[in-house]
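Worksheet for the structure shown next.
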Amino acid sequence: MKIHEKTVVVDGIDKIILKALMHDARKSVLAISKLTGISGAAVHQRIKKLEKAQVISGSQIIINSKILGYKTVAFIGIFLDKAIRNPEAVNQLRNINEVIECHYTTGNWSIFVKLLCKDNEHLMELLNKKIQSVEGVSRTETFISLQQQVKRQISL
């Protein structure tokens, strides 16, 4: 691994390690050692270096939201009456548990959010009672996802 300016360049062994962990974050150091042909201690050291360089920022369990009853995924473009209200609006959106992503964007909207809802009725309730009541929100545009067709991380 080499650091150029603010970009990290990973070598072939780092790529093998990263691909193995992206496929299964619980994969043991011993199993990765067998894949790379280097010792477990060397794999462990490389993982620590990748973490320190912030190439790896943790691991997580992925919850199947549909099994828990959240069957509607929606994207909402939010128009603010004034751009200066962005930080305040984002702080209020952060308090809505169903908002799972929030982006400051160029283009038509000031803010673009992704929501997980139980159904369309739940989405409508969130829009009417929570999102449109956020201070500074002048209007919204809602898009319902019919099916997620691609989901992946960056390719190495």
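Derivation of every value follows stated rules applied to the coordinates shown; laboratory data play no part. Only a predicted model underlies this, so the values are computations on that prediction, with no experimental measurement involved. Reconstructed Cβ throughout: ideal geometry from the backbone, glycine too, with neighbour counts over all protein chains shown.
All conditions in (1) touching a strand residue (DSSP E or B) at 6+ places or on another chain (Cβ under 8 Å); (2) within 30 Å of LYS19 (Cβ to Cβ) hold for TYR104, with the sole exception of (2).
Here is a yes/no grid of residues against (1) out of contact with any Cys (no Cβ under 7 Å at 6 or more places or on another chain); (2) farther than 30 Å from SER33 by Cβ; (3) without any contact (Cβ under 8 Å) to a residue 24 or more places away in the chain:
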residue	(1), (2), (3)
LYS48	yes, no, yes
VAL55	yes, no, no
SER59	yes, no, no
GLY69	yes, yes, no
ALA83	yes, yes, no
ALA89	yes, yes, no
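If the condition is being farther than 30 Å from LYS19 by Cβ and basic (Lys, Arg), then the range 122-156 contributes LYS129, LYS130, ARG139.
Name every residue in the range 109-156 that is β-branched (Val, Ile, Thr), part of a loop (DSSP other than H, G, I, E, B) and touching a strand residue (DSSP E or B) at 6+ places or on another chain (Cβ under 9 Å), in order of residue number. Answer for the range 109-156, where residues must be β-branched (Val, Ile, Thr), part of a loop (DSSP other than H, G, I, E, B) and touching a strand residue (DSSP E or B) at 6+ places or on another chain (Cβ under 9 Å): just VAL134. Apart from one condition, ASN86 fits all of (1) under 19 Å from ILE144 (Cα atoms); (2) among the polar types (S, T, N, Q); (3) in contact with a strand residue (DSSP E or B) (Cβ under 8 Å, 6 or more places away or on another chain); the exception is (1).
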